[in-house]
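I have placed the structure first, in the form of structure tokens, so that the comments after it can refer back to it.
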Amino acid sequence: MFRNFKLVPNVIFGRGCFEQLDEIIKKQRKNDDSWVVFVTDDVFQDKPLEKRLPLHDNDMLLWVNVDDEPKTQYVDELTLEVKAARSTLPCDVIGIGGGSSMDLAKSISLMLTNEGSSTLYQGWDLIKNPAVCHMAVPTLSGTGAEVSRTAVLTGPEKKLGLNSDYTVFDQVVLDPELILDVPKDQHFYTGMDCYIHCIESLEGTYLNEFSKSYGEKALDL
């Protein structure tokens, strides 16, 4: 059976494009009550990047700890925190950081519109309702979380993603300048992560021309 190959519909790439984030989000701010959640790796707390975030008065800056892999309980707690912050849902959820931060942003955007615990949606195509608009600003390279249709979560019984077409980000902002200060050891680990993903793409059971072309080009780079 043939399936749709789900892709991120909007991607901006270029040095310094992070400065366009406010303009990009502006399209989602339909009225004065619209608000945005910035799901941001707490490694950037009190760092220069924090001051560069295009926060408006009624926006929410949600610092997340990603020392461990995202857990379903953590997602549920963060979702409740976001729901309790305002009487309306946010117009956008922005994930800023590495793979875990982006997976948390995906998960929160999904759980804002789907009832119950995130444990109920670990698996394939269990998500029933479209997510709140969600965007990614990667500050690491290698995981591929910004383009995947899953948000990997560790639950009490299993480690499995929220695999759904609704999981895919609506917008990705790729600014190479954001990875300049990544420690060398992290560059190595994420580089190996990317390399392994390329091999998986080229040797996978569901190999197709999309995964083949992306995998081959990434290996060349």
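Bear in mind that the values in this text are calculations on the coordinates, not laboratory data. Bear in mind the structure is a predicted one, so any value in this text is a computation, not a measurement. Please note: Cβ atoms are built from the backbone with ideal geometry, for glycine as well, and neighbour counts cover all protein chains shown.
Under 11 Å from the Cβ of GLY97, count the other residues' Cβ atoms, weight Lys and Arg +1, Asp and Glu -1, and hand me the total.
Computed value for this residue: -4.
Electrostatic bookkeeping for PHE5 treats Lys and Arg as +1 and Asp and Glu as -1; over the other residues with beta carbon under 14 Å from its beta carbon, the sum is +2.
With a sphere of radius 11 Å drawn around the Cβ of VAL137, what net charge do the other residues whose Cβ falls strictly inside it have (Lys, Arg +1; Asp, Glu -1)? Walk me through the numbers before you get to the answer.
Details: positive: ARG52; negative: ASP41, GLU146, ASP175.
Here the count lands on -2.
Taking amide H as placed 1.01 Å from N in the peptide plane, the amide H of ALA136 sits under 5 Å from that of GLY95, GLN171, VAL172, VAL173, each at least 5 places away or on another chain. Using all pairs of distinct alpha-carbon atoms, the Kirkwood hydrodynamic radius of the stretch 71-221 works out to 16.3 angstrom.
Taking a 21 Å limit on the Cα-Cα distance, which of the listed pairs LYS27/LYS217; LYS71/LYS106; LYS47/LYS71; LYS106/LYS212 fall beyond it? As for pairs spanning more than 21 Å Cα to Cα, those are LYS27/LYS217; LYS47/LYS71; LYS106/LYS212.
Could you work out the relative contact order of the stretch 1-97, using alpha carbon pairs under 8 angstrom and six or more residues apart, expressed as a whole percent? Please report the intermediate quantities before stating the final value.
Numbers: 77 pairs, mean separation 36.6, N = 97.
Answer for the stretch 1-97 is 38 percent.
Taking the chain as a Gaussian network, Cα atoms linked when under 10 Å apart, which of TYR189, TYR166, TYR74 shows the biggest mean-square fluctuation? The residue with the greatest mean-square fluctuation here is TYR189. Assuming charge only on the beta carbon of Lys and Arg (+1) and of Asp and Glu (-1), the dipole of the stretch 11-182 about its Cα centre is about 420 debye to the nearest 20. Structural descriptor for the stretch 11-182: relative contact order 26 percent, calculated from alpha carbon pairs under 8 angstrom and at least 6 residues apart.
Which value results for Rg/Rh of the stretch 1-149 when Rg is the Cα radius of gyration and Rh the Kirkwood radius based on the inverse mean 1/r? Checking Rg against Rh, the ratio lands at 0.94.
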